Amino acid sequence: MPKGCEKFPTVVPPLSFAVRSAFTPALFFCLDSPKSTMRLSRYFLPILRETPKEAEIVSHRLMLRAGMMRQEAAGIYAFLPLGFRVLQKICRIVREEQDRSGALELLMPTIQSAELWRESGRYEAYGKEMLRISDRHEREMLYGPTNEEMITEIFRAYVRSYKDLPLNLYHIQWKFRDEVRPRFGLMRGREFLMKDAYSFDVDQAGARNSYNKMFVAYLRTFARLGLKSIPMRAESGPIGGDMSHEFIILASTGESEVYCHKDYLDFAVPSADIDFDDPALLQATVDKWTSLYAATSEKHDPASFAKLPPDKQVSARGIEVGHIFYFGTKYSEPMKALVATGDGKEVPVHMGSYGIGPSRLVAAIIEASHDDAGIVWPEAVAPFKVALLNLKQGDAATDGACEQLYRDLTKKGVEVLYNDLDERPGAKFAAADLIGVPYQVLIGPRGLAEGKVEVKRRADGSREMMSPVAASDLLAR
RNA sequence: CGGGGUAUAGCGCAGUCUGGUAGCGCGUCUGCUUUGGGAGCAGAAGGUCGCAGGUUCGAAUCCUGCUGCCCCGACCA
């Protein structure tokens, strides 16, 4: 697998590398992990045995203990190498599904000009949640809490005709919202990473189709992240508009109450080859996923809910991981983003915006998938696929078997974290369980006496003794 | 933004009431023994006690002001 993050080689890169590099949008969100395998002795993984007292919810506790992140200020976090790997994997999946749906990635800045926000009227309206700053010339700037104004400005600078529509532009960029009370670690930080997409259509019917594309893309995205998500009708919130869904995942520690029909949990997610150019199919898919009762507490209607068969009523807690809006001409009108229609008129463009918080997802996935021993990563977002545990460091036979399997898996492109520290087995088991990678390979004298190693699945704790070759084959699948 | 806490070594804490020059556990470092579920022994390092004033012969401890962080509520991708 090409490594998007590697330094440029001094020789002419092979074609595949050059092509891949051309599609790498920004170095700091590059598509591939910097190095697929790692010796723990050379890694930076500051595992804590005790929980820092500021951490209240489970994802926050586990992320601190697993050395994934560090708090730098209230609601502001640094991602350490292990946490950053997970964040990158989430971003990659989000990006792939956005691209699949036809959205185009760009990258807008974090700092914006106040002028832009005065055009939409939101500079005053947004309130204290917006971080306002001024530069050396006393020009008023702000750290973007969202990007409707800027994307509208970009759009109107270039697009004049309905023939250039539909268009959907997105980026993955840090946002800052000066929450009154940041809490729950990454779940409600002030600085957070957001994928925000913006659609442009000539009329409402077109906008509906663009909305449906994102709806389907979101269903696929969350499923690939190992989550069960349920779209729920939502208030449109401060951004405005009248068509809006929140995507909620169920987790007992979630912050909002949700109510839905049980059948949602078994709905099949659209497959990867769904035709995004088939509006009828998209509409049918959205219709299906909005046919049954599902609502957050704000939109909850107890009377309707009570009409569901009792065994189909799910009342649970959930975490909002995505939110999609149609808001019509709310920004295009005041900002004069106009396009010519087929009959020669000029109309303000119809827009929607679509958000996913990858940094929140890191925490949300942990909330949805952990046990008493630590995190249980879904394979798609796990920082590594395999933890290789040397149970008797310094023992020639054990070291040899570990080194050989490590080299073998590395060659096969399997992401391995090799615990080669001079620690006792118990400490290595605890650390491996805590960081939650899907597979553990335990290599020690006891198994090697019979030519075997042990493969343990983190998710269910099941174990199996097998030859190193069989383990290698299994893990490379 | 209202209410309530808290700040002492990398992490978790005691010491503050009753002022006398800072301690415990874990972690870290060195050595030896150990090695299949967070090992044992011996030794060592590490703290302007959040910051600034004040009271006092003397302040982690008492007084005043400030700041950071956390929790509950209202608000939010």
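The table for this structure:
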{"item": "Condition broken by A:Ala470, with the remaining ones in (1) more than 12 Å from RNA strand B (Cβ to nearest atom); (2) in a loop (DSSP other than H, G, I, E, B); (3) of a type outside the set (D, E, K, R); (4) farther than 20 Å from A:Met38 by Cα satisfied", "result": "(2)"}
{"item": "Residue satisfying all of: in region A:391-412; of a type in the set (S, T, N, Q) and in a helix (DSSP H, G or I); farthest from RNA strand B (Cβ to nearest atom) among these", "result": "A:Thr410"}
{"item": "Flag if A:Leu475 is more than 7 Å from RNA strand B (Cβ to nearest atom), within 21 Å of A:Ala396 (Cβ to Cβ) and either of a type in the set (A, V, I, L, M, F, W, C) or in a strand (DSSP E or B) (or both)", "result": "no"}
{"item": "Number of the condition not met by A:Phe155 [criteria: (1) surrounded by 20 or more Cβ atoms within 10 Å (Cβ to Cβ); (2) over 28 Å from A:Arg208 (Cβ atoms); (3) away from RNA strand B (no atom under 16 Å from the Cβ)]", "result": "(2)"}
{"item": "Residue in region A:339-347 that is in contact with a helix residue (DSSP H, G or I) (Cβ under 7 Å, 6 or more places away or on another chain) and surrounded by 19 or more Cβ atoms within 10 Å (Cβ to Cβ) present", "result": "yes"}
{"item": "Qualifying residue in region A:41-53 (condition: under 16 Å from the mean Cα position of the chain (by Cα) and small (Gly, Ala, Ser))", "result": "no"}
{"item": "Every residue from region A:138-180 that is farther than 29 Å from A:Gly206 by Cα, without any contact (Cβ under 8 Å) to a residue 60 or more places away in the chain and in contact with a Leu (Cβ under 9 Å, 6 or more places away or on another chain)", "result": "A:Leu142, A:Tyr143, A:Arg177, A:Asp178"}
{"item": "Qualifying positions in region A:88-144 - in contact with a strand residue (DSSP E or B) (Cβ under 8 Å, 6 or more places away or on another chain), loosely packed, with under 15 Cβ neighbours inside 10 Å and of a type in the set (A, V, I, L, M, F, W, C)", "result": "A:Leu104, A:Leu106, A:Leu107, A:Ile111, A:Ile133"}
{"item": "Count of region A:162-188 residues which are under 25 Å from A:Glu97 (Cα atoms) and either crowded, with 20+ Cβ neighbours inside 10 Å or among the hydrophobic types (A, V, I, L, M, F, W, C) (or both)", "result": "12"}
{"item": "Counted residues, region A:360-385 - those being within 15 Å of RNA strand B (Cβ to nearest atom) and either farther than 19 Å from A:Gly254 by Cβ or without any contact (Cβ under 8 Å) to a residue 12 or more places away in the chain (or both)", "result": "4"}
{"item": "Positions within region A:208-239 being hydrophobic (A, V, I, L, M, F, W, C), part of a helix (DSSP H, G or I) and at pLDDT 95 or above, in sequence order", "result": "A:Met214, A:Phe215, A:Val216, A:Ala217, A:Leu219, A:Phe222, A:Ala223"}
{"item": "Hits in region A:65-87 (condition: buried (at least 22 other Cβ atoms within 10 Å of the Cβ) and either without any contact (Cβ under 8 Å) to a residue 60 or more places away in the chain or touching an Asp or Glu at 6+ places or on another chain (Cβ under 8 Å) (or both))", "result": "A:Tyr77"}
{"item": "Options A:Gly102, A:Gly127; residue that is touching a residue at least 24 places away in the same chain (Cβ under 8 Å), on the phi > 0 side of the Ramachandran plot and among the small types (Gly, Ala, Ser)", "result": "A:Gly102"}
{"item": "Test: residue in region A:186-199 that is free of Cβ contacts under 8 Å to residues at least 40 places away in the same chain, in a loop (DSSP other than H, G, I, E, B) and within 11 Å of RNA strand B (Cβ to nearest atom)", "result": "no"}
{"item": "Any hit, region A:356-365, residues being among the charged types (D, E, K, R) and surrounded by fewer than 24 Cβ atoms within 10 Å (Cβ to Cβ)", "result": "no"}
{"item": "Unique match (being within 11 Å of RNA strand B (Cβ to nearest atom) and touching a residue at least 12 places away in the same chain (Cβ under 8 Å)) among A:Gly426, A:Gly357", "result": "A:Gly357"}
{"item": "Checklist (1) touching a Phe, Trp or Tyr at 6+ places or on another chain (Cβ under 7 Å); (2) farther than 22 Å from A:Ala363 by Cβ applied to A:Asp275, failing item", "result": "(1)"}
{"item": "Checklist (1) within 12 Å of RNA strand B (Cβ to nearest atom); (2) touching a residue at least 60 places away in the same chain (Cβ under 8 Å); (3) touching a Ser or Thr at 6+ places or on another chain (Cβ under 7 Å) applied to A:Asp433, failing item", "result": "(3)"}
{"item": "Only one of A:Ile319, A:Ile274 that is in contact (Cβ under 8 Å) with a residue 24 or more places away in the chain and within 16 Å of RNA strand B (Cβ to nearest atom)", "result": "A:Ile319"}
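The values are calculated or read from the model by the stated rules, or taken from the named source; none is laboratory data. It should be emphasised that the depicted structure is a prediction, and the values quoted were computed from it without experimental measurement. Every residue, glycine as well, gets a Cβ built from its backbone with ideal geometry; the counts of neighbours run over all protein chains shown.
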